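Data first, discussion second: the structure below is written as structure tokens.
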Amino acid sequence: MAAQKERVVVIGSGWAGYSLGYGIDHRKYDVTLISPENTSAVTPLLASAACGLFDPRLAHEPLRRRDFHAKYIKATVVDIDFDSQTLICQLAFEELKDERFNVEYDKVILVPGCRSNTFGIPGVAENAIFVKNVANANAVRSRLNDILEMASLPGTSEDRQRQLLHVAIVGGGPTGIEVAAELTDLFDGDVGVLFPHLKGKASVSVYDVAPQILAPFDQKLAEYACTALKTGKVNVKTNTHILKVTPNTIETQEDGATGYGMLIWATGNKSVPLIDQLNLRKTDKGLVRILTDDHLNTFAPDGTVLPNVFALGDAGDIEGGTLPTTAEVAIQKADYIINLLNKNVKTPFEYKQRSLVTYTGKWDGVVQGKREYTGYGAWLSWRSGNFFWTRSWRRKILMGYAWFMDWLDGREIIRN
Ligand SMILES: Cc1cc2nc3c(=O)[nH]c(=O)nc-3n(C[C@H](O)[C@H](O)[C@H](O)COP(=O)(O)OP(=O)(O)OC[C@H]3O[C@@H](n4cnc5c(N)ncnc54)[C@H](O)[C@@H]3O)c2cc1C
């Protein structure tokens, strides 16, 4: 009789989970992936998808693919019994959400990511649109359509039009800045053509509590980006504290209440409930993450290493060697685990920093890496980077086709 394969369970279907499910050798291990989502969001594409550069469906990859061999279960893991090596899961269907079941494992890999943090600011959860997944990108597109059509209704005053067409973005990190850049391109381009009566009435503001936008970048590049955005008429409001949000106003300590038609929340991360629940050693400041050693093994609260429990992606961090919550880190750590399991490679994990790229609108951007540059070349790097992030040839072809159609016939934003 053939020996039973070791059971490896991956919790989460994001950047790390997808790579693990794809890469762990299914001939050697019995691999199961558990996640409430049966697709994996290609997060760097969400800002462009939200603003009509291509269909949001291109910004996620299905787990049900011919060449994806891990078993998939649509459920949320709510707890783990580390002694009996059992996961307690809850089905992720509205009508079956009370049903629980157990899954046993030999090795478990924790990659449930993190969720948006509203920092307890009143009104944010109810009124803001987040930018975390494809459903959010669709929500941005849908709201854009609504505000453009509302502003076009006969008898709408110019003040009301300007309020409806004011998009407030909270968060001056790469995501917030790329949404702002894409929106200004859209307002100056296709919206001006399709809604000539609204020309010059749309505006975009970016709010950040920090003194400078794009914190991961050098000051010089961040300043360049800020100037580029202001030239594109984005209202950049740094050192600004949000006090509360209502369905149509955002109130800051510095400026009081300002009207908006759409509020996008692109800042702040907090741990998912499973991470809060688990009795493992965790970070004690900022985002709560599970601490690991440099082989990505977790620790029991008394400091004992758990050799069959791994944590990575946004939910895990190496003790004494903090890395940012990025797809780049998640993918490199997933590749490390794949080599460890498939080839028994046991050298410690080492992160290789790749270039940071952000689009700032009007074919301009900033790149920080071995070489720092801005302008058209940076835009080109950012655009070609979209191909790098896309995870299948099918989506690469569809994206190329979408860009060609945008160039030929304008963005699809109004034709949802
Ligand atoms: C708009 C946007 C743009 C970004 N752009 C970039 C970029 O350009 N470059 C870059 O390097 N990084 C970027 N990032 C950051 C990057 O997306 C994250 O660092 C990355 O997604 C982390 O991967 P992960 O696998 O840890 O978690 P995630 O990708 O967040 O996936 C977590 C998965 O776990 C599932 N899950 C959660 N709880 C449970 C549970 N209890 N049980 C089972 N499953 C669960 C979730 O449903 C999800 O499928 C961006 C992020 C956003 C939001």
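Each DSSP beta bridge with both residues in the chain is either parallel or antiparallel, and the antiparallel ones are about 50%. Helix 376-389 and the longest principal axis of the Cα set of the chain meet at an angle near 40°. Net charge dipole, region 124-267: roughly 80 debye, given to the nearest 20, about the Cα centre with Cβ charges of +1 for Lys and Arg and -1 for Asp and Glu. Our note on the geometry: Cα centres of region 370-397 and region 6-85, 23 Å apart.
Helical runs (DSSP H, four residues minimum) scored at -39500 (n - 2.57) apiece and divided by the length of the chain put the mean residue ellipticity at 222 nm at -9000 deg cm²/dmol. Stretching Asp146 away from Asp159 to a fully extended chain increases their span by 3.0 nm, per 0.36 nm per residue minus the current alpha-carbon distance. Taking label positions 7 Å along the Cα-Cβ direction at both Tyr373 and Lys74, the computed distance is 4.6 nm, reported to one decimal. Backbone phi angles across region 50-63, fed through the Karplus curve with coefficients 6.51, -1.76 and 1.60 (θ = phi - 60°), yield HN-Hα couplings of 4, 9, x, 5, 7, 5, x, 4, 6, 9, 8, 10, x, 7 Hz in residue order; Gly and Pro are listed as x.
Beta bridges from DSSP with both residues in region 124-267: antiparallel share about 30 percent, rounded to the nearest 5. Residues of region 151-174 falling in the label zone of Glu254, defined by backbone nitrogen less than 20 Å from a point 7 Å along Cα to beta-carbon, are 166-174. Multiplying the residue separation of Glu412 and Asp218 by 0.36 nm and removing their Cα-Cα distance gives an extension gain of 66.3 nm.
What separates the Cα centres of region 255-327 and region 335-355 is a distance of 20 Å. Which shape class applies to region 188-256: rounded if a/c is under 1.5, otherwise prolate when a/b exceeds b/c and oblate if not, where a ≥ b ≥ c are the square roots of the Cα gyration tensor eigenvalues? The shape class here is oblate.
Computed from backbone phi, the HN-Hα couplings of region 91-107 come to 5, 9, 10, 3, 6, 10, 5, 8, 7, 10, 8, 10, 10, 8, 9, 9, 9 Hz, rounded to whole numbers (Karplus: 6.51 cos²θ - 1.76 cosθ + 1.60, θ = phi - 60°; Gly and Pro given as x). Compared with the dominant principal axis of the Cα atoms in the chain, helix 174-186 is inclined by about 40°. Among the chymotrypsin sites (Phe, Trp or Tyr not before Pro) in region 318-355, none sits in a DSSP loop with a Cβ that has at most 13 other Cβ atoms within 10 Å. In region 76-154, the C-alpha radius of gyration followed by the widest Cα-Cα span (Dmax) gives 19.5, 67 angstrom. Approximating the spin labels as points 7 Å out from Cα along Cα→Cβ, the Lys346-to-Asp106 distance works out to 1.7 nm.
Shape class of region 240-305 from the Cα gyration tensor (axes a ≥ b ≥ c, square roots of the eigenvalues): prolate, since a/c reaches 1.5 or more and a/b is larger than b/c.
Using Cα atoms only, what is the angle between the long axis of helix 134-151 and the major principal axis of the chain, expressed in degrees (0 to 90) to the nearest 10? Long axis of 134-151 versus the principal axis of the chain: about 10 degrees.
Database remark: amide H of Ala75 closer than 5 angstrom to the amide H of Ser35, Ala92 (H placed geometrically; neighbours at sequence offset of 5 or more, or on other chains; Pro and chain starts carry no H). In a DSSP loop and with at most 13 other Cβ atoms within 10 Å, the GluC sites (Glu not before Pro) in region 90-147 are Glu99.
Set the Cα radius of gyration of region 124-267 against 2.2 N^0.38 Å, with N its number of residues, and you get 1.01. Total lysine pairs in region 124-267 at Cα distances under 22 Å, for residues eight or more apart or on different chains: 9. Here the Gaussian network model covers the chain, with springs between Cα atoms less than 10 Å apart; of Gly176, Gly316, Gly377, Gly377 fluctuates the most.
P(r) tail for region 326-373: Cα pairs beyond 15 Å make up 59% of the total. By definition, a body whose alpha carbon gyration tensor gives a ≥ b ≥ c is oblate when a/c is 1.5 or more and a/b is not larger than b/c, and region 293-349 fits this oblate description. When the trypsin sites (Lys or Arg not before Pro) in region 12-84 are filtered for DSSP coil states and for at most 14 other beta-carbon atoms within 10 Å of their beta-carbon, the remaining sites are Arg27, Lys28, Arg64, Arg65, Arg66. Beyond 37 Å, what share of the Cα-Cα pairs of the chain remains, rounded to the nearest whole percent? Counting pairs separated by more than 37 Å, the tail of P(r) holds 27 percent. Less than 5 angstrom separates the built amide H of Gly173 from those of Leu214, all sequence-distant by 5 or more or on a different chain. Close amide H contacts of Ile318 (hydrogens built in the peptide plane, cut-off under 5 Å, sequence separation of 5 or more or a different chain): Thr292, Leu323.
When the alpha carbon gyration tensor of region 1-138 is reduced to an equivalent ellipsoid, its three semi-axes come out at 30, 20, 12 angstrom, largest first.
Scalar couplings 3J(HN,Hα) for region 154-165, obtained by applying the Karplus form with A = 6.51, B = -1.76, C = 1.60 to θ = phi - 60°, are x, x, 6, 5, 5, 4, 5, 4, 5, 5, 4, 8 Hz; x denotes Gly and Pro.
A short reminder: the numbers here are calculations on the coordinates, not readings from a lab. This structure is a prediction, so every number in the text was calculated from the model and none was measured. Backbone-built Cβ (ideal geometry, glycine too); neighbour counts: all protein chains shown.
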